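All remarks here apply to the structure that follows.
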Amino acid sequence: MTRDREQITEDRRQTISEFLCSRAEERIRSGTDGIYIVRELTGIIDNLLVSAYNSKLQPLNSNLNLSLVAIGGYGRREMSPFSDIDIMLLAKDRSPVNMEAAQSFLYPLWDMGLQISHCFRTLSECSEDSAKDIRIRTSLMESRFLAGDFTVFKEFQRDVYKKLLFKNRKAFFGDILRETEKRHHIYGNSVYLLEPNIKEGSGGLRDFHAISWFARSVLKMDNTEGIKGLLSYDEHRHFIDSYDFLLKIRLCLHYISRRKNDVLSFELQEAVSKALGFKDTKRFLSSEILMRLYYRKAKSITDVLAFLTGICSRQLVSIPGSLMIKRITDDFYLSKNEIVAKDKEIFKNPDRLLEAFYIYSITGKKFSQQVKKAIKSRVLSINRKTRSSKKAIMFFFEILRGNRVYETLKEMHDIGILDRFIPEFGRLRHLVVYEPHHKYTVDEHTLIAIKSLEKLKNTKQVKLHCLSDIFSKIKQETLFLALLLHDIGKGVYPRDIGIAAIKDYKRHEDAGYKILKGAMERLGAEHDDRQRIEFLVKNHIKLSKIALTRDPDTPETISQLADLVENQSNLDALYLVTYADMKAVNPYFWTEWKAYIFHDLYLKTAKHLQGVRGFYFDDYDRALKEFVDDLPDRYLISNTIDIVKIDYQLALKAKENGLAITVQERPDGTAELTIVTFNRQGLFSKIVGALGFRGLNVLRARLYTGKSGLVVDKIMLSNWKDIWWQGMEEQIKADLTKAIDYRQTAEMQKTYTPASIAPRQYLALKRFESFVEIDNETSDRYTILELFSADRLGLLNDVSTCFFMHNVDIMSSVINTEEGIAQDVFYLQHNGGKLNSYITLTLLNSVWEIIC
């Protein structure tokens, strides 16, 4: 340690953190255990702090009642290169001598570049503060003496430490559980995140700390070593190995990032996997191997936390004797509020494993540890015969018909039963597929989709009542089985190594459809149910693709969806599956705006299926009819009669003044801007430019151009509420009036070149290819251009200006921008018709230059 201190002192160019990075990298590459490395780094910091304390305060030690104490993660000896160094200056009292000594000690530490997180407390303040704040209490539970007056620290151990551990244990246990639940919710509430926080997330280091606190406080054990007696040898070894693995990942994240970083993000996964010695194989990338192993390790920690939580609960909460035992069947009982089996030998019959989960489903209770272990030991007994067993299949479908579908399937998956019984789903376990916006592994995404759909049964949210009503009309087991199998194609479909091939990868639904037929035959699904499930698996992304990449107001779009579903029942089922699928992408993917788009398209398609294709006006206002006849049919499909009448009044103002503008604010913070004017070259690019100048983001644009040249543009702005200021609406209207009236076509044509476009700002899209695609077949009147790219400031303005430069008119558009990704679709015309081959080619090249 002395040599380490001398090396740091001699090389002033090297900070403490850089030295720790070098040491951590050296140890990781040599295969050293993570526990040993963090303790070695802790020892280096110990040596520096003790040396600094002694050199500064030892001459005054006889006059001081001051002790230097390591607390928190540093007290646990869990140092990573950029970890905070948590210290406490502990004193008997706040005398001026003690306070001045503490200050004089801290200044040199900051000068050394140490990331010190410090506090000064007296013995009485330790007791008072820990009683008020659970985080202070857990931090002080990790107290470790470093230097100074040891008698003060002994008093702390005697008078304070025991209170930290044992005072109000029941309240302490409840506080930690609530804090853990809150933390899990903030950091994704799942072990199976594609970019997990390995410290604060579910199954992370903080969960390991919670286990340690429970063991010491509630169970009065010696840290995590004390729980050896509660776990089998293999379980305890795997638990400690998991902790060690997480420590090594955290060390790698710190020294690779060269900063404090606990998120195992996409861009770091490959570097971390290589640092830990993983290599690419024919089937998996090294990063995928790393993540699969991470999920196993994190799951081990969550399992132990759940197990220990149950033991602590039973110790602290007594169960009345009258509720101790209750018969469910001849072989299953409830004991201490848990499901127990009369004899574990019954599980030698694999059908009884499915029966056990049926009991789990109908009772709403959890398995006892004995039953859980007995089921785990028989997982491999589920074979081809069991998968075709009528009794086992009956129990499985009863689970899908029940009121606890998600929880039961989740438990089946965790134990391994679901993977064996439905091997098509089993291939998805811990499967990492990099797709835009997705946050979870494929198996976790599937189960969350089932959870989202099940919540519709008893939802109290008014906004979901329509979906809930639709759900009540369809056999729920059909929907749940379709969701369980909707992504099975990803388990067999070849994945691109390096950058994901987004366009080709979307064919996973076709691969899933091919292998689905075997599962349907094995499960003996009824003919109508089988057809419905096959339809949903094959087409589960069609509705979202149509709604988000095509103009949902055009007759062609509605007709395309109607032709796909063929009947109302299929439309209902596809709507529900799409909702659940999108809800499971990430917690924020299904927005109020998407809900509006999908419900609107659902209603229009339902009307189409019923033969309703337009509006009929009760009044005989000839001018209003002329206004409607002038605009395209999709305008009628898209708007209610009330909105049509409002737009008609705007058109009258536009005929008089050349321009009419209204802004309608929405409850979700967005706003719809309606602009009525007369068509001219570059109109949309000028509008977008004026809005972008004020920092407004276009979420969606619906552009209607009439035969007479009248234009009705409806533009949805996503951040209206976020940037609102007094007088903003008037300013925006003034900006638009100036932009639309200002003639600068010639100047723009002189100055515009692709090179003038701002460089693309690369966000988190390294794994996804940008693309531009032109479709000249879907529509008889329009050429459809779709682009997928990293978003940047001014992208939409650059693209719309590019169209203007090529004399191409934007007749309609669908703008989707989320999480730094732009996925936009434009309906284009040239000289009143579709683009010819020359313009198509030149426009394609120009747009490609813009996004790349």
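Taken together, the values in this text are just the output of simple stated rules run on the coordinates, not laboratory data. Since the structure is predicted, the reported quantities are computational estimates derived from the model, not experimental observations. Every residue, glycine among them, receives a Cβ derived from its backbone with ideal geometry; neighbour counts consider all protein chains shown.
Listed values, structure above:
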| read-out | value |
| --- | --- |
| Net length gained if the chain between Asn403 and Asp93 were fully extended (0.36 nm per residue, minus Cα distance) | 105.6 nm |
| Packing-based order for 584-597, 436-449, 104-117, using average beta carbon neighbours within 10 Å, highest first | 436-449, 584-597, 104-117 |
| Estimated FRET transfer efficiency (Ala734, Asp469; beta-carbon r; R0 51 Å; 0.05) | 0.65 |
| Inter-site label distance for Phe266 and Arg680 at 7 Å from Cα along Cβ, in nm | 4.2 nm |
| Ser569-Thr281 FRET efficiency (beta carbon distance; Förster radius 35 Å; 0.05 resolution) | 0.20 |
| Cα long-axis angle, helix 728-741 against the chain (0 to 90 degrees, to the nearest 10) | 40 degrees |
| Cα convex hull of the range 76-201 - mean projected area over all directions, nm² | 9.4 nm² |
| The range 338-362-the range 117-152 distance, computed between alpha-carbon centres (Å) | 49 Å |
| Magnitude of the charge dipole, the chain, Cβ model with Lys/Arg +1 and Asp/Glu -1, debye to 20 | 2940 debye |
| Relative contact order (percent, whole number), the chain, Cα cutoff 8 Å, 6+ residue spacing | 7 percent |
| Virtual spin-label span in nm between Asp642 and Ser837, 7 Å along Cα→Cβ | 5.2 nm |
| Partner aspartates and glutamates for Lys475 [C-alpha distance under 16 Å; skip if fewer than 8 residues away on the same chain] | Glu398, Glu454, Glu526, Asp528, Asp529, Glu534, Asp572 |
| Estimated vicinal HN-Hα couplings, Hz - the range 149-159 in sequence order (Karplus 6.51, -1.76, 1.60; Gly, Pro = x) | 7, 5, 5, 5, 5, 5, 5, 4, 4, 6, 9 |
| Across Lys348/Lys457; Lys410/Lys594; Lys274/Lys545; Lys199/Lys279; Lys385/Lys410; Lys391/Lys517, pairs whose alpha-carbon gap is larger than 30 Å | Lys348/Lys457; Lys274/Lys545 |
| C-alpha long axis of helix 641-657 to longest principal axis of the chain, angle in ° | 70 degrees |
| Amide hydrogen neighbours beyond the local backbone of Glu338, cut-off 5 Å, H modeled | none |
| P(r) histogram, all alpha-carbon pairs of the range 531-677 included - 10 Å bins from 0, percent | 10, 33, 32, 18, 7, 0 |
| Amide hydrogen neighbours beyond the local backbone of Asn816, cut-off 5 Å, H modeled | Gln823, Asp824, Val825 |
| Helix 592-609 axis, angle to the chain major axis (alpha carbon atoms, nearest 10°) | 40 degrees |
| Computed helical MRE - 222 nm, the chain, DSSP H runs ≥ 4 contributing -39500 (n - 2.57), nearest 500 | -16500 deg cm²/dmol |
| For the chain, share of DSSP beta bridges that run antiparallel, in % to the nearest 5 | 85 percent |
| Whole-Hz ³J(HN,Hα) from phi, Karplus 6.51 cos²θ - 1.76 cosθ + 1.60, for the range 340-352, glycine and proline x | 10, 9, 4, 8, 5, 5, 4, 6, 5, 8, x, 4, 6 |
| Karplus 3J(HN,Hα) series, Hz, for the range 90-106 with 6.51 cos²θ - 1.76 cosθ + 1.60 (x for Gly, Pro) | 9, 9, 6, 8, 9, 6, x, 5, 5, 5, 5, 4, 4, 4, 5, 6, 6 |
| Compactness of the chain - radius of gyration and Dmax, Cα, Å | 32.3, 102 |
| Among Phe357, Tyr513, Leu293 - extreme Cα towards positive end, dipole of the chain, charges at beta-carbon | Phe357 |
| Per-pair calculated FRET efficiency, R0 = 45 Å: Lys366 and Asp600 via Cβ, rounded to 0.05 | 0.60 |
| Cβ crowding within 10 Å averaged over residues, with 384-390, 546-552, 239-245 ranked highest first | 546-552, 239-245, 384-390 |
| By average C-beta atoms within 10 angstrom, highest first, the peptides 90-98, 683-691 | 683-691, 90-98 |
